[in-house]
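Accompanying notes for the structure given below.
The values are calculated or read from the model by the stated rules, or taken from the named source; none is laboratory data. Quick caveat: nothing in here was measured; it's all calculated off a predicted structure. As a convention, Cβ positions derive from the backbone with ideal geometry for all residues, glycine included, and neighbour counts pool all protein chains shown. In case anyone asks, the SASA skips ligands and DNA or RNA and just uses the protein heavy atoms, side chains included. Shrake-Rupley method; radii C 1.70, N 1.55, O 1.52, S 1.80 Å.
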Amino acid sequence: MNKIYLENDGLINFGALLGAYFKKNRIYKSALARKINRSDSTIGTFQKRPSLQSAIIEELSHAMKHNFFADLADLLPESYSKDETKWMEKDAKIASLEKEIEILKAEKEVLLVVLRK
(Lines give C-alpha, C1' and ligand atoms only; values in the text may rest on other atoms or scores of the structure.)
Protein backbone atom coordinates (compact mmCIF):
# COMPACT_ATOMS: atom_id res chain seq x y z
CA MET A 1 0.00 0.00 0.00
CA ASN A 2 1.32 3.43 -0.88
CA LYS A 3 1.94 5.29 2.39
CA ILE A 4 1.64 8.74 0.76
CA TYR A 5 -2.14 8.28 0.61
CA LEU A 6 -2.56 7.13 4.22
CA GLU A 7 -3.58 9.20 7.20
CA ASN A 8 -2.16 8.53 10.68
CA ASP A 9 -5.17 6.33 11.43
CA GLY A 10 -4.46 4.19 8.36
CA LEU A 11 -7.37 5.55 6.33
CA ILE A 12 -6.84 6.48 2.70
CA ASN A 13 -6.52 10.21 2.00
CA PHE A 14 -8.50 10.69 -1.21
CA GLY A 15 -7.42 14.31 -1.54
CA ALA A 16 -3.77 13.24 -1.67
CA LEU A 17 -4.64 10.59 -4.25
CA LEU A 18 -6.51 13.18 -6.32
CA GLY A 19 -3.67 15.70 -6.03
CA ALA A 20 -1.12 13.13 -7.18
CA TYR A 21 -3.33 12.27 -10.16
CA PHE A 22 -3.60 15.97 -11.08
CA LYS A 23 0.18 16.36 -10.91
CA LYS A 24 1.01 13.14 -12.78
CA ASN A 25 -1.48 13.83 -15.58
CA ARG A 26 -1.08 17.62 -15.64
CA ILE A 27 -4.73 18.24 -14.89
CA TYR A 28 -5.54 21.91 -14.43
CA LYS A 29 -8.08 22.55 -11.69
CA SER A 30 -9.60 25.41 -13.67
CA ALA A 31 -10.23 23.19 -16.73
CA LEU A 32 -11.73 20.45 -14.56
CA ALA A 33 -13.86 23.00 -12.70
CA ARG A 34 -15.32 24.27 -15.99
CA LYS A 35 -15.96 20.73 -17.16
CA ILE A 36 -18.02 19.81 -14.07
CA ASN A 37 -19.51 23.28 -13.59
CA ARG A 38 -17.86 24.03 -10.27
CA SER A 39 -15.47 26.71 -9.05
CA ASP A 40 -11.68 26.38 -9.02
CA SER A 41 -11.72 26.70 -5.24
CA THR A 42 -14.14 23.76 -4.96
CA ILE A 43 -11.67 21.56 -6.86
CA GLY A 44 -8.92 22.78 -4.54
CA THR A 45 -11.10 21.89 -1.57
CA PHE A 46 -11.63 18.38 -2.95
CA GLN A 47 -7.87 18.01 -3.16
CA LYS A 48 -7.40 19.11 0.46
CA ARG A 49 -10.08 16.84 1.97
CA PRO A 50 -9.13 13.35 3.14
CA SER A 51 -12.50 11.97 2.05
CA LEU A 52 -15.24 12.76 -0.45
CA GLN A 53 -18.75 11.48 -1.04
CA SER A 54 -18.91 8.64 -3.54
CA ALA A 55 -21.14 10.76 -5.83
CA ILE A 56 -18.37 13.35 -6.11
CA ILE A 57 -15.75 10.67 -6.77
CA GLU A 58 -18.01 9.27 -9.48
CA GLU A 59 -18.45 12.74 -10.99
CA LEU A 60 -14.68 13.27 -11.03
CA SER A 61 -14.15 9.80 -12.53
CA HIS A 62 -16.54 10.56 -15.38
CA ALA A 63 -15.08 14.02 -15.99
CA MET A 64 -11.51 12.75 -16.18
CA LYS A 65 -12.37 9.33 -17.60
CA HIS A 66 -10.42 7.68 -14.79
CA ASN A 67 -11.60 5.03 -12.32
CA PHE A 68 -10.77 6.48 -8.90
CA PHE A 69 -12.77 3.70 -7.25
CA ALA A 70 -10.30 1.16 -8.66
CA ASP A 71 -7.42 3.29 -7.34
CA LEU A 72 -9.02 3.28 -3.90
CA ALA A 73 -9.62 -0.48 -4.06
CA ASP A 74 -5.98 -1.04 -5.01
CA LEU A 75 -4.90 0.78 -1.86
CA LEU A 76 -6.86 -1.55 0.42
CA PRO A 77 -5.09 -4.59 1.89
CA GLU A 78 -5.09 -7.73 -0.29
CA SER A 79 -6.59 -9.64 2.63
CA TYR A 80 -9.91 -7.78 2.32
CA SER A 81 -12.70 -9.78 0.75
CA LYS A 82 -14.32 -8.86 -2.55
CA ASP A 83 -16.93 -10.21 -4.89
CA GLU A 84 -15.04 -12.69 -7.05
CA THR A 85 -17.94 -13.48 -9.42
CA LYS A 86 -16.94 -10.95 -12.07
CA TRP A 87 -13.31 -12.09 -11.99
CA MET A 88 -14.22 -15.77 -12.01
CA GLU A 89 -16.30 -15.26 -15.16
CA LYS A 90 -13.44 -13.43 -16.86
CA ASP A 91 -10.94 -16.11 -15.82
CA ALA A 92 -13.21 -18.81 -17.25
CA LYS A 93 -13.56 -16.88 -20.51
CA ILE A 94 -9.78 -16.42 -20.74
CA ALA A 95 -9.20 -20.13 -20.15
CA SER A 96 -11.75 -20.97 -22.84
CA LEU A 97 -10.10 -18.61 -25.33
CA GLU A 98 -6.64 -19.98 -24.54
CA LYS A 99 -7.89 -23.51 -25.23
CA GLU A 100 -9.47 -22.33 -28.50
CA ILE A 101 -6.15 -20.75 -29.51
CA GLU A 102 -4.34 -24.04 -28.90
CA ILE A 103 -6.86 -25.89 -31.07
CA LEU A 104 -6.57 -23.30 -33.84
CA LYS A 105 -2.77 -23.50 -33.76
CA ALA A 106 -2.93 -27.29 -34.10
CA GLU A 107 -5.41 -27.01 -36.98
CA LYS A 108 -3.15 -24.45 -38.67
CA GLU A 109 -0.18 -26.83 -38.43
CA VAL A 110 -2.24 -29.65 -39.99
CA LEU A 111 -3.33 -27.36 -42.84
CA LEU A 112 0.25 -26.25 -43.46
CA VAL A 113 1.37 -29.87 -43.66
CA VAL A 114 -1.45 -30.70 -46.10
CA LEU A 115 -0.66 -27.68 -48.30
CA ARG A 116 3.02 -28.59 -48.52
CA LYS A 117 2.16 -31.99 -50.13
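Numbers at a glance
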item	result
The chain - Rg (one decimal) and Dmax (whole number), Cα, Å	22.8, 75
The chain, accessible area per residue, ligands and nucleic acids excluded (1.4 Å, Å²)	80
At R0 = 35 Å, FRET efficiency that the Cβ-Cβ distance of Ser30 and Glu100 yields, to 0.05	0.10
Heavy atoms of Phe69: accessible area, 1.4 Å probe, square angstrom to 10	90
Longest DSSP-loop-exposure-free segment, GluC sites (Glu not before Pro), the chain, at most 10 other Cβ within 10 Å	1-77
C-alpha long axis of helix 54-64 to longest principal axis of the chain, angle in °	70
Segment 1-96: trypsin sites (Lys or Arg not before Pro) in DSSP loop, at most 10 other beta carbons within 10 Å	Arg26, Lys65, Lys82
Alpha-carbon centroids, segment 79-117 and segment 1-61: separation in whole Å	40
Distant-in-sequence amide H partners of Leu6 (H built 1.01 Å from N, under 5 Å)	Asn13
